[in-house]
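Chemist: Take a look at the following structure, please.
Each reported figure results from applying straightforward, stated rules to the coordinates on display, with no laboratory input. Being a predicted model, the structure only gives us computed values, none of them experimental. Please note: Cβ atoms are built from the backbone with ideal geometry, for glycine as well, and neighbour counts cover all protein chains shown.
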Amino acid sequence: MNVDPTSVPLLPSASADALTPGVDAPTWPAEFVERYRAAGHWRGETFGGMLRERAATHPDRVAVVDPAPRRRTWTYRQLNDAADRLAAGFATRGIGRGDRVVVQLPNIGEFIEVVFALFRVGAVPVYALPAHRETEITHFCSFSEAVAYVVPDRLDGFDHRDLATVVGQRTATLKHVFVVGEPGEHTALADVPCPPPSQPLVEPQPHELAFLQLSGGTTGVSKLIPRTHDDYIYSLRGSNEICGVDADTRFLVVLPAAHNFPMSSPGWLGTLYAGGTVVMCPRPDPDTAFALIERERITMTGLVPPLALVWTSAAERDGRDLSSLELLLVGGAKYSEQAARRLEPALGCRLMQVFGMAEGLVNYTRLDDDPETVVTTQGRPISPDDEIRIVDDADQDVPEGECGHLLTRGPYTIRGYWRAPEHNARSFTTDGFYRTGDLVRRTPTGHLIVEGRAKDQINRGGEKFAPEEIENVLLAHPSVHDVSLVAVPDEFLGERTLAYVILREGAEPTTVTHIKNFVRAHGVAAYKIPDLVRFVDSFPQTGVGKVSKKGLRSASAASAEQH
Ligand code: AMP
Ligand code: DBH
């Protein structure tokens, strides 16, 4: 943003402390740190160091391919050099150690350049999704006290520069907006790189905060998830081993690159860790993706269940050569057994189910699991040091094989969200287990089957959010007395959303379309706009007089056809 520097109030610049574990969020106690280091899980690597090493070992291998609109490639040496130059440019603009930078980029090569440049200067990327709009972005920028925000110029008809202007007006800390493409009133990312200084930059330490990932959220807004170099890189190494990722892997990034799943399971970061090639897929539809699989000889990718279904049906009809594809990971939401059975024959590759979370724990079915296990379970943890408890409502272990709440603790599962002490008190046990909110049972082989969830969250085809977020938007509508957003079963998405709306007495009658437009106009990601709206006089009540989401869900499952 072009602001007059004299009019900018002096802001506290992020201190180096911002990277220190334990300052902004609870971290692993010393005995666990020792244990994870001694076990060889945490090896003292950083993202910046990892790229430098790969560039030294095989400089001319292709690291990244961005196929659209014209094919561009980055070798490991080129990616490393680009990250150095961009890092120098960020540093020149005063962006450095501990500074938060909200990155909202689609699946383009610049995404990878930007995050490695930020790692180099010890700045902390905050990963927003392209779908996020002013409500979410303003929150991420102001809550994280971001100094910079990186956007594309336009995407799918939406002008991110205008969004950045609005966010800049609302966020006191924001000093820079960098735009990939035409910058408008902001700064072009292409103008940022400059020759690296002769003195190397001081890079972050392996145990320090590397980035803030977003949670799906169970209350109002997404929480920020503090991940360190050491813990995340361990999850990459574990994922690579399980999925067979190596320097010959050609990974297609189909889901938004900012999501934890395509980033790390094993994702584009896992692939770069192994020295393989990452291909950015601009859109997830089969026409686009299949053409890229054929042309780029893709070996591996990851999809959410609804997309896996679309790909399966398309592959059953399509004549594309998908023979290079060896492994397809499906996760993010429950994959139906029926759909899972169709995938391998249709796509001619192996299926692996993955049940993960940006907070940490990731479960995979294994390449040597029998086919029944692959289609009927959501896998088992990466690490022998992932501790799993399955408990009842009173936190007592349920008998083996029975369904209960999944709690977990381990070498890549956070001990607390960033700057959220009250929420942490609810989401973590006193001895550091994360309450996933998932209801699971465990098979004798240690595989988990996700049976449902206890948390108040919508999972719409893998996109998660707290119903409360949209309920709060609708409560601001002058005609709305009360509202409850619930998930209803959907054959394709798994779940879609239904808003029960109680109008104020004497309020002007309103329409479904009006309600949806009201939410849209508020500036939230499109996937949060209610799919269905129903006007009611009252909600089913529970014993304590609160709205029973469960009651609403079962009532709505019976009659979800009403739009
Ligand atoms: P988040 O915490 O926002 O990263 O979302 C992670 C959540 O997504 C998990 O706690 C589950 O509720 C859900 N999830 C992820 N993968 C699967 C899967 N394979 N099956 C069922 N639910 C899943
Ligand atoms: O849903 C998720 O968050 C998720 C799914 C699969 C995830 O974070 C992951 C794998 O790493």
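Chemist: Classify region 214-372 from the C-alpha gyration tensor, please: rounded if a/c falls under 1.5, else prolate or oblate depending on whether a/b exceeds b/c.
Modeler: Since a/c reaches 1.5 and a/b is larger than b/c, the shape of region 214-372 is classed as prolate.
Chemist: 222 nm [θ] for the chain, helices only, -39500 (n - 2.57) per DSSP H run of 4+, per residue, to 500?
Modeler: Counting only the DSSP helices, I get -9500 deg cm²/dmol.
Chemist: Counting DSSP beta bridges with both partners in region 165-286, what percentage is antiparallel, nearest 5?
Modeler: Roughly 45 percent of the DSSP beta bridges within region 165-286 come out antiparallel.
Chemist: Report the longest stretch of the chain that contains none of the GluC sites (Glu not before Pro) sitting in a DSSP loop with at most 15 other Cβ atoms within 10 Å.
Modeler: For GluC sites (Glu not before Pro) (loop position, at most 15 other Cβ atoms within 10 Å), the longest site-free span of the chain is 186-399.
Chemist: Let me ask something else. Any idea which of 186, 126, 64 is furthest toward the positive side of the dipole for the chain, if Lys and Arg beta-carbons carry +1 and Asp and Glu beta-carbons -1?
Modeler: Comparing the listed Cα positions along the dipole, 186 ranks first.
Chemist: Got a sec to turn the phi values of region 241-258 into Karplus ³J(HN,Hα) couplings, 6.51 cos²θ - 1.76 cosθ + 1.60 with θ = phi - 60°, whole Hz, x for Gly and Pro?
Modeler: 5, 5, 8, x, 7, 8, 5, 8, 5, 10, 9, 9, 8, 8, 6, x, 4, 7
Chemist: May I ask for the distance between the Cα centers of region 233-312 and region 24-87, given as a whole number of Å?
Modeler: Computed from Cα coordinates, the inter-centre distance equals 17 Å.
Chemist: Return the percentage of antiparallel bridges among DSSP beta bridges fully within the chain, rounded to the nearest 5 %.
Modeler: The antiparallel fraction comes to roughly 55 percent.
Chemist: Oh, and also: So how strong a dipole does the chain carry about its Cα centre when Lys and Arg Cβ are +1 and Asp and Glu Cβ are -1, to the nearest 20 debye?
Modeler: Around 480 debye, computed over the chain.
Chemist: Choose one of 245, 218, 338: the residue whose Cα lies farthest towards the positive end of the charge dipole of region 210-339 (beta-carbon charges +1 Lys, Arg; -1 Asp, Glu; about the Cα centre).
Modeler: Result: 218, furthest along the dipole toward the positive end.
Chemist: Here's another thing I want to ask about it. Using +1 on the beta carbon of Lys and Arg, -1 on that of Asp and Glu, and nothing else charged, what's the dipole of region 365-417 about the Cα centre, debye to 20?
Modeler: 340
Chemist: Roughly speaking, what is the stretch gain from residue 517 to residue 445, that is 0.36 nm per residue apart minus the C-alpha to C-alpha distance, in nm to one decimal?
Modeler: Stretched out fully, the residue 517 to residue 445 stretch lengthens by 21.1 nm.
Chemist: What does the net charge come to around residue 461 if you take all other residues with beta carbon closer than 13 Å to its beta carbon, with K and R at +1 and D and E at -1?
Modeler: 0
Chemist: Please report the relative contact order for the chain, taking Cα pairs under 8 Å with a sequence separation of at least 6, and give it as a percent rounded to a whole number.
Modeler: 12
Chemist: Could you check what % of the DSSP bridge pairs in region 13-171 are antiparallel, to the nearest 5?
Modeler: If I count the DSSP bridges inside region 13-171, around 45 percent turn out antiparallel.
Chemist: Which values of log₁₀ I(q)/I(0), to two decimal places, follow from the Debye formula for the chain at q = 0.06, 0.07, 0.13 Å⁻¹ with a uniform point scatterer at every Cα?
Modeler: -0.29, -0.40, -1.49
Chemist: Calculate the spin-label point distance for residue 71 paired with residue 241, positioning each point 7 Å from the Cα along the beta-carbon direction, and give it in nanometres.
Modeler: That separation, rounded to one decimal, is 3.6 nm.
Chemist: With a ≥ b ≥ c taken as the square roots of the eigenvalues of the C-alpha gyration tensor of region 18-158, please select rounded if a/c is under 1.5 and otherwise prolate if a/b is larger than b/c or oblate if it is not?
Modeler: Oblate, since a/c reaches 1.5 and b/c is not below a/b.
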